[in-house]
Structure formats: structure tokens, C-alpha cells
Amino acid sequence: MKYTYQDSTELPYQRDFVQDMKNLIEVTTKVIPLENSAIEMNDEEKSETILLKNRLYDLDKFEADLKKFIEDASKDADANEILEFRNTVIDSCVASAAKSRETLNQEIERSQKVSTREVGRLESQMLSLLSLIFEAGVYGAKKSYSASMIDNVFRGTLKASIDGMDYESNIIFANDVLTVKGLYKELSLPTWAKAGLLQKDDKVKSVDVSDFIIKSINYNNSGDMECIFENKKSERKFKITGNNFDYRVYDEDYDITGDDELSKLLNKGEISEFADEAKTYVQEYIKSQTLTRVLIDGKDAIRNNEVFDCLKLIAQQYGDIVKECLERGYVKSEITIKIEQIDGTRTEKYVSKNEVFNQLAEIGSEGLELAGILGVEE
């Protein structure tokens, strides 16, 4: 499937941009009110806490002043009954103040617990809603994938970053158990016949690793890839690591690629194809993906009420494409793309500027700001 502008120029990202725009608007209209509610709750909790702490301060000051007054009034007294009366009054003051202090601290704790619970509920809703646009992938983000066998399930994490924003997702892949043959095809690697690699035998052995189990795959946007696979008993382990067409193959810690004799027997084309399949697998063979956190400058964007800043960063990536769609399109009031199916069938998909603007305007000032970034303002 190929995605192009209306003049048939390919889109910079091969995605259904119109649908991504609609998803961004849908998420924005739901998330911004939630974030505003969270901000309001946090502000109310802070105000209430300040009020209660001021009452604590006043209580402490009154207790201290009263004790000082009583002590000053009885400083020259030496009669036992006066001293006992003074002590009784002071003890009563201390006990009463302690009881009031405990009540105020409980109110502070209760207020903070209620606020934390309610804000946490809103944060959970926002994280769930943001999944729609983050799990699909933020345009231009640099990504790295880390996958491994955990509790007999092949799972991993996606980490991505762009312009100071980072996000992470947990991933479960299509295969619970993945073999070399399941990932690529049958594959054999050359090694020395003896297990003791320091005492090489003159005889070279070809090891069929087709049924070896993939234990881990790590890959990033720079092209760096590492894949480790073992036999079922975990007695034999191989590793393929490198970047693009420059890959090295290891038998345990022994560099097969660096061995002149063994290197000649390596099928470099197969190794490169295997690496490409490993990269493709972690990006495309995903059964489920769950957004776990979003960060701005290393801090939790949802917890710190910076979700709107995240949406602005995403909108900036979309804005350039909106501009191109309008310039390359035949109807200047519509954001239009063409979709070409594998069988050659072509369809068009569009959303009007006016529709996007009106939906964003309903949110308020934040929506109008996003409309400006997207370039759909009236």
C-alpha cells in the first residue's frame, strides 16, 4: 500500500495521514478537558493544604504564646498549689493542642489521598486515550526496540524520542516462541568441531541453527541490531550483531567473522537478510502494545500536566504535511491524500480544514493554538 499527496508525490511517512489527523483531533478533544480537570484538582488540593497548614501554624503559635503567658504569670510563685495548677493548665493546653494538631494532619492526609486518587484516575484515562496516537507512532521519532523471552513469552519494549519528548510502550509479539526458521528460514553457521574454541580442530563443522530459539532482539533507528539465539537446552548460543550490511557473527564469545577460515564460509547475504527480518519483526509483528509513560525533558508529562505540550509537538510534525497537502491538492480547503492498494486500486481520502478547525475550536484556547500549528485556522 502506498500513500501519496493528490499530485501522486509520496508522503514522507507511509501512513494514512488523514486518519492520523482524525485520531489526533479525537484524542485532543477528550484529553485536554481531562488535563484541565487534573490541573483544577491539583490547585484545589494545594489551596486546601495551604489553608490547613496555616491553621496548624496558628495553633502552634497560640499554644506557645499561652504556655509562655502562664509561665510568665507563675514565674515568681513558690506555693505548691499554684505550681500544680500551672502544670495542670499547661498539660491540658498541650493535650488539647495535640488532639487538634492530629485532627488537622488527618484532614491534610485525607485531602491529599482523595486528590491523588482522583488525579490518578484522570491520568490513567489520559494515558489510555493517548495510546491511540502514540502506539501508532509519532512522526519523526527515533525508536529503539528491545525484545526478549520473559516467562516463556516473547515480549519487549519500545522507546522513542523527539524534540525532548520521550515515550515508552510494552509490547507482546505475535509469537510466544520464535525460532530462527520461524523468523527467517533454515540457516547454518560454520564453527570449529571442538567445543574448546582455544584448541581449534582442523575440521570445520556446519551447525544447523534453524530450530534455535530467539532469545532477544535489540534494534534502533540508526540500524544497530543484535539478535541472540540458543538451542532448546541453552547449551549453544550464537549472536549476530552490527549495522546495515556490516554484521558480525559470534559462537558464544568467539568471533566467527574475525576468523579468516570460518569467515570464508559465512553466507554474508543470508546474514544480512536475517538481520533485516529481525528488524522487521520487532517493528511489525506486534500482537499488543501498551503505552506506559510519556516524558517531557525527562519528567512525567501526564503527572506534571504537560500533555498539551506533547500534543503540540505532534501537531508540529503534522503541520508540514498539512501544508503540503493543501499546496499539492486540487481543492485548497481540503486535506487530501491518495491511497494505492497492492492491486493498483486507487482511492482518495480527505478531511476539510473547516471540519478540523471547528472540532478544535470547541476545546477552547488550546484547540485554537493547535489549529494554528496545524495550519487550519480560518
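The values are calculated or read from the model by the stated rules, or taken from the named source; none is laboratory data. Quick caveat, the model's predicted, so the values are computed rather than measured. Here the Cβ positions follow ideal geometry from the backbone for every residue, glycine too, while neighbour counts run over all protein chains shown.
Filtering Arg117, Arg110, Arg86 for residues that are part of a helix (DSSP H, G or I) and over 39 Å from the mean Cα position of the chain (by Cα) leaves a single hit, Arg86.
The combined condition, being at pLDDT below 95 and exposed (fewer than 13 other Cβ atoms within 10 Å of the Cβ), is fulfilled by Gly344.
Out of Ser115, Ser146, one residue alone is buried (at least 16 other Cβ atoms within 10 Å of the Cβ), of a type in the set (Ser, Thr, Tyr) and at pLDDT below 90. It is Ser115. Checking each residue of segment 290-313 against the condition of being within 30 Å of Gly182 (Cβ to Cβ), at pLDDT 90 or above and buried (at least 18 other Cβ atoms within 10 Å of the Cβ) gives at least one match. Condition test on Asp60, is it part of a helix (DSSP H, G or I), free of Cβ contacts under 8 Å to residues at least 40 places away in the same chain and over 41 Å from the mean Cα position of the chain (by Cα)? The answer is no for Asp60. Of the residues making up segment 231-280, those that are more than 17 Å from Leu178 (Cα to Cα), among the polar types (S, T, N, Q) and assigned to a loop (DSSP other than H, G, I, E, B) are Asn244, Thr257, Asn267. The set of residues from segment 198-253 being touching an Asp or Glu at 6+ places or on another chain (Cβ under 9 Å), of a type in the set (A, V, I, L, M, F, W, C) and surrounded by fewer than 17 Cβ atoms within 10 Å (Cβ to Cβ) comprises Val204, Val207. Go through segment 323-338 and count every residue that is in contact (Cβ under 8 Å) with a residue 60 or more places away in the chain and surrounded by 16 or more Cβ atoms within 10 Å (Cβ to Cβ). So the count comes out to 7. For a quick check of your reading of the model, give me the residue pairs whose first member lies in segment 94-113 and is of a type in the set (Lys, Arg), whose second is loosely packed, with under 15 Cβ neighbours inside 10 Å and part of a helix (DSSP H, G or I), with beta-carbon atoms closer than 9 Å and at least 6 apart or on different chains. So the pair list comes out as Arg101/Asp60.
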